[in-house]
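Report on one structure; see the data block that follows.
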Amino acid sequence: MNAVDGSQHYEQSSSEQNPSLLTIILDTNPVAWSLLSGTLSLSKAVASLLVFINAHLACNYTNKVAVVASHCHTAQWLYPTSAQQHLRNVRQAKRRLDDSGPIVNDQLSEPTKRVRINGPKDDSTNGIKLKFNIVQRKPIASSDKYRPFRVVEEELLDNLSKLLSTTGPTGISSNTSTMVAGALTLALSYINRQNSAFAESSGGATNTADSAPPNASSRAAETNDKNLLHSRILIISVSPSHDLAHQYIPIMNSIFACQRLSIPIDICQIPTPNAPSSSTVFLQQASDATKGVYIPLSNATSGGLLQYLMMAFLPTQSSRIHLVLPTRIDVDFRAACFCHRRVVDIGFVCSICLSIFCNPPENGDCLTCGTHLELGDYGGRPMVVPRQKKRKKPRSTLDQSRVSTPTPGPA
């Protein structure tokens, strides 16, 4: 009857897709990008990344994006700009207005700048040539580009140019690694804040592991799933694995947090020319534990990077159910020791706090919890037990009685 009078038409719910939040962690390590200058520069990688971001935003008008820069000495937001960065930019603008001197090209903050590595300027640090050049272009007309695309591009390039302009040779020589752990922490905090805001606006529960009871009905679970913000993290890494060993503990804590919140971590590994077969050990574990996608680039060019981004990392969680995702069976599960931050194959584990050491700690005390550990006779030769000789069993009288008598011969 409902189909006849049209009541069923008004009872149908909307079939809109849930918004997807894509948080991108861009490795901006100057040392690693200088090694990739012959095949892929940072400016071309950022251009490919902007095309990928535009494709993500074009899939659904409710999709969101955030970009974090994992630099050599800090982890900083590229988009959206944090309140502290905005306040800092306002103070710098006021300081420039009060200053009567000429404005240097590196101090310009217009969003129309483009960041380029390997320009005409040459700054050498410890034998590594790091060349930065900021070229100013004509501003693009506002009516020629979709406004969300233009806002993301202008703000991302502006913050990236300021980040690179504040990086000097002293900061690069003191730290050649990248702050992936800090970038993951910023990404998780932003995802949690966006999930809470989306849940309040839609009137549902937050996306936490304990939000729904284990014995909830399927209908309630389906309603709760409609009020969730689908979040995922994409890491574009160019740094080798041995540079991240000192961040093993915070990286693993972030991995466990993403695993609990069902946030997949996708890894796009760009190998350096001096070590093309090397890969990031801990990021392999992050992708495997969170059911993400890990792909090392075999063709480190601008066109190859864009193709990998569009074909492998653009589908959301709901779309990946219907796709055959690339999997890896050779995941490196090695860990880093807590004493020297080195990746080890065989180590010693504390039975209380599960800390890993490459060598037995001094005096047998755990460096993390202080528990005294008993190593036993480690390092000594094993005791050889002589083999016992088998005893022959005596024959019983029953066996002797069973002996047959000889057959008598002819008389």
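Just one of the numbered conditions (1) open to solvent by 40 Å² or more (accessible area, probe 1.4 Å); (2) touching a Ser or Thr at 6+ places or on another chain (Cβ under 9 Å); (3) at pLDDT below 85 is not true of Val331: (1).
Scanning the range 370-393 finds no residues that are touching a Leu at 6+ places or on another chain (Cβ under 9 Å), at pLDDT 75 or above and hydrophobic (A, V, I, L, M, F, W, C).
Kindly indicate whether any position in the range 199-221 is closer than 28 Å to His56 by Cβ, assigned to a helix (DSSP H, G or I) and modelled with pLDDT under 50. Checked against the condition, which is being closer than 28 Å to His56 by Cβ, assigned to a helix (DSSP H, G or I) and modelled with pLDDT under 50, the range 199-221 yields at least one hit.
What number of residues in the range 16-42 are among the charged types (D, E, K, R) and buried (at least 22 other Cβ atoms within 10 Å of the Cβ)?
First pass over the range 16-42, keeping only residues among the charged types (D, E, K, R): 16, 27.
From what is left, the residues that are buried (at least 22 other Cβ atoms within 10 Å of the Cβ) are 27.
Residues flagged as among the charged types (D, E, K, R) and buried (at least 22 other Cβ atoms within 10 Å of the Cβ) within the range 16-42 amount to 1.
Checking each residue in the range 307-348 for being aliphatic (A, V, I, L, M), assigned to a loop (DSSP other than H, G, I, E, B) and under 17 Å from the mean Cα position of the chain (by Cα) picks out Leu314, Val331. Those helices (runs of 4 or more DSSP H) of the range 58-177 in which at least 1 residues are under 28 Å from Ser231 (Cα atoms) and at pLDDT 50 or above, considering only elements entirely within it, cover 83-98, 147-165. Screening the range 340-360 for residues that are of a type in the set (D, E, K, R) and touching a residue at least 60 places away in the same chain (Cβ under 8 Å) and picking the one that is most open to solvent (accessible area, probe 1.4 Å) gives Arg342. For beta carbons closer than 7 Å, sequence separation of 6+ or different chains, a first residue in the range 283-294 that is outside any helix (DSSP H, G or I) and surrounded by 20 or more Cβ atoms within 10 Å (Cβ to Cβ) and a second that is at pLDDT 90 or above and of a type in the set (Gly, Ala, Ser), the qualifying pairs are Val293/Ser287; Val293/Ala312; Tyr294/Ser287.
Taking Asp266 as the residue in question, decide whether it is open to solvent by 30 Å² or more (accessible area, probe 1.4 Å) and either at pLDDT 90 or above or touching a Ser or Thr at 6+ places or on another chain (Cβ under 9 Å) (or both).
Working: open to solvent by 30 Å² or more (accessible area, probe 1.4 Å): no; either at pLDDT 90 or above or touching a Ser or Thr at 6+ places or on another chain (Cβ under 9 Å) (or both): yes.
Criteria not met by Asp266.
Working only within the range 163-194, note down all residues that are open to solvent by 30 Å² or more (accessible area, probe 1.4 Å), among the aliphatic types (A, V, I, L, M) and farther than 18 Å from Ile235 by Cα. Selection gives nothing. Selection of first residues in the range 15-35 that are farther than 19 Å from Leu160 by Cα and modelled with pLDDT of 95 or more and of second residues that are β-branched (Val, Ile, Thr) and open to solvent by less than 10 Å² (accessible area, probe 1.4 Å), restricted to Cβ pairs under 6 Å at least 6 apart or on distinct chains, gives an empty result.
The values are calculated or read from the model by the stated rules, or taken from the named source; none is laboratory data. Owing to the predicted nature of the structure, the values given are computational and were not obtained by experimental measurement. Every residue, glycine as well, gets a Cβ built from its backbone with ideal geometry; the counts of neighbours run over all protein chains shown. The accessibility values were calculated without ligands, DNA or RNA, using every heavy atom of the protein model including side chains. Shrake-Rupley method; radii C 1.70, N 1.55, O 1.52, S 1.80 Å.
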